[in-house]
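K.L.:
Right, I'll just put the structure down here and ask away after.
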Amino acid sequence: MTDIIVSILLLAGAGFMLLAAVGIIRLPDLPTRMHASTKAGAMGAMFTMAGVAFFFADGVVLARAFAIVVFILITSPIAAHVIGRAGYFIGTPLWSGTIKDELRDNYDSQTHTLRSGYEDSPESVTLPPKPNPDKNP
């Protein structure tokens, strides 16, 4: 029974990794490729680690597999976000069928600054520091 579970988990992991590879090749631009590589690649690695943990059924292997899965869950979306933003900021062209570009109005390509859109809101105003009565002017 364990062999069947291990086989299913490893095949699912290989399937997701294959799906990520096909997505990287077939999708038209950087953001969609990043989406395919992060989501499907991370799921493939997690299924593979689950299969390894079931196969060895050892506490040390289970702890390492769990640590690897947590590491992938933490680093994969962050890395994809940073790479995607860097690609956008250096001017990597988007797919012609892209409908929504939320950064277009807030990014200045000349100064390389990104506005959040909340700069003029009352919440973003920083108050001047209060004078310290202990210090003499």
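The values are calculated or read from the model by the stated rules, or taken from the named source; none is laboratory data. Small disclaimer: the values here were computed from a predicted structure and weren't measured. Ideal geometry is used to build each Cβ from the backbone, glycine not excepted, and the neighbour counts take in all protein chains shown. Side chains are part of the model used for accessible areas, which takes the heavy atoms of the whole protein and leaves out ligands, DNA and RNA. Shrake-Rupley method; radii C 1.70, N 1.55, O 1.52, S 1.80 Å.
K.L.:
Under 7 Å by Cβ, and 6 or more places apart or on different chains, what pairs join a residue from segment 1-28 that is touching a residue at least 24 places away in the same chain (Cβ under 8 Å) with one that is among the aliphatic types (A, V, I, L, M) and exposed (fewer than 15 other Cβ atoms within 10 Å of the Cβ)?
P.N.:
Taking only residues 6 or more apart or on different chains, not a single pair turns up.
K.L.:
Suppose the filter is modelled with pLDDT of 85 or more, exposed (fewer than 11 other Cβ atoms within 10 Å of the Cβ) and over 21 Å from L11 (Cα atoms); does I74 pass it?
P.N.:
Considered against the rule, which asks whether it is modelled with pLDDT of 85 or more, exposed (fewer than 11 other Cβ atoms within 10 Å of the Cβ) and over 21 Å from L11 (Cα atoms), I74 comes out as yes.
K.L.:
Let me ask something else. Quick check on segment 77-89: of everything there that is closer than 16 Å to G41 by Cβ and either more than 10 Å from the chain's Cα centre (by Cα) or not aliphatic (A, V, I, L, M) (or both), which residue is least open to solvent (accessible area, probe 1.4 Å)?
P.N.:
This residue is G84.
K.L.:
Can you tell me which residues in segment 122-137 are among the polar types (S, T, N, Q) and modelled with pLDDT under 70?
P.N.:
Passing the criteria: S124, T126, N136.
K.L.:
What residue, among those in segment 90-115 that are closer than 16 Å to D29 by Cα and β-branched (V, I, T), is most open to solvent (accessible area, probe 1.4 Å)?
P.N.:
Per the criteria, the residue is I99.
K.L.:
Considering only residues of segment 29-46 that are open to solvent by 60 Å² or more (accessible area, probe 1.4 Å) and free of Cβ contacts under 8 Å to residues at least 40 places away in the same chain, which is farthest from V82 (Cα to Cα)?
P.N.:
M43
K.L.:
Return the residues of segment 46-70 that are β-branched (V, I, T) and over 25 Å from the mean Cα position of the chain (by Cα); say none if nothing qualifies.
P.N.:
V60, V61
K.L.:
Being of a type outside the set (F, W, Y), surrounded by 15 or more Cβ atoms within 10 Å (Cβ to Cβ) and part of a loop (DSSP other than H, G, I, E, B): is that true of L19 here?
P.N.:
no
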